Every structure is written in structure tokens, then in C-alpha cells.
Amino acid sequence: MTHESDETDIPFVDPIASSILDTLADGSSLTVEQMAKVIAEQRKRPKDGPQLWRKYMQAVKQQAMHLGKTGKIEIVHKGEVVEPDNFKGRVHLRLKA
């Protein structure tokens with residue numbers, strides 16, 4: 001039996017992307033590292049160590065690129081909006097104005 005997609009299917013939203021958008025909804029601007037720490041804090045279990053946020057760094061970067069490409073957020077480096085495909089160094093994430 002195959003599953004056919006119909007119009008009532010809800011598109012998949014990555015939980016990391018959703019967390020980024022929710023965190024930035026108040027108008028804040030956070031670095032990738034700060035965002036990883038926020039997400040780690042939201043998902044932390046009692047046995048997790050203080051460096052849990054490092055596990056989320058790559059996922060935050062990947063989802064920031066995706067959200068930047070789709071126009072939902074801006075990636076800012078030294079006060080200038082940069083291309084989502086081509087950023088290096090310490091950048092801030094913010095909702096698109």
C-alpha cells in the first residue's frame with residue numbers, strides 16, 4: 001500500500017528552524033552560538049552536561065542558511081546583511097525586517 005500525498009498534508013517544519021523563529025519572534029538578534037545555547041537549554045535533560053549546546057551548532061547553522069534563503073531571517077555580519085550561502089565568522093540572526 002502506498003501513501004499518496006493530498007492537499008491536507010501539513011508540510012514538515014524542522015524543530016530547530018521552528019525554535020529559531022520562535023526565539024527571534026520578540027525582535028531579538030542572536031549569534032549562532034547564542035541560538036545553539038537557547039535550543040540546548042530548551043531540550044536539556046538532567047543528565048546532559050554544560051556543553052550540550054555544541055551539539056546544536058551545525059544544525060543551527062544549516063537551518064539559518066535555509067531560513068535565510070527562504071527570506072524568513074537575515075544573517076548579519078558586522079552590521080551588513082550577508083548571503084545565506086556565503087557567510088563566515090561571528091554572525092547574528094534576526095527576523096527579516
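Bear in mind that the values in this text are calculations on the coordinates, not laboratory data. Just so it is clear, the model here is predicted, and its values are computed rather than measured. No Cβ is skipped: glycine too gets one built from the backbone with ideal geometry, and neighbour counts run over all protein chains shown.
If you go through region 13-53 and keep only what is charged (D, E, K, R) and without any contact (Cβ under 8 Å) to a residue 24 or more places away in the chain, you end up with Asp22, Asp26, Lys37, Glu41, Arg43, Lys44, Arg45, Lys47, Asp48.
When the residues of region 44-90 are narrowed to those that are among the acidic types (Asp, Glu) and loosely packed, with under 14 Cβ neighbours inside 10 Å, which ends up farthest from Ser19 (Cα to Cα)?
Residues of region 44-90 that are among the acidic types (Asp, Glu), as a first pass: 48, 74, 80, 83, 85.
Next, only the ones that are loosely packed, with under 14 Cβ neighbours inside 10 Å stay: 48, 80, 83, 85.
Working: Asp48: 19, Glu80: 24, Glu83: 21, Asp85: 21 Å.
Filtering region 44-90 for residues that are among the acidic types (Asp, Glu) and loosely packed, with under 14 Cβ neighbours inside 10 Å, the one farthest from Ser19 (Cα to Cα) comes out as Glu80.
Residues of region 25-71 that are within 9 Å of the chain's Cα centre (by Cα) and not in a helix (DSSP H, G or I): none at all.
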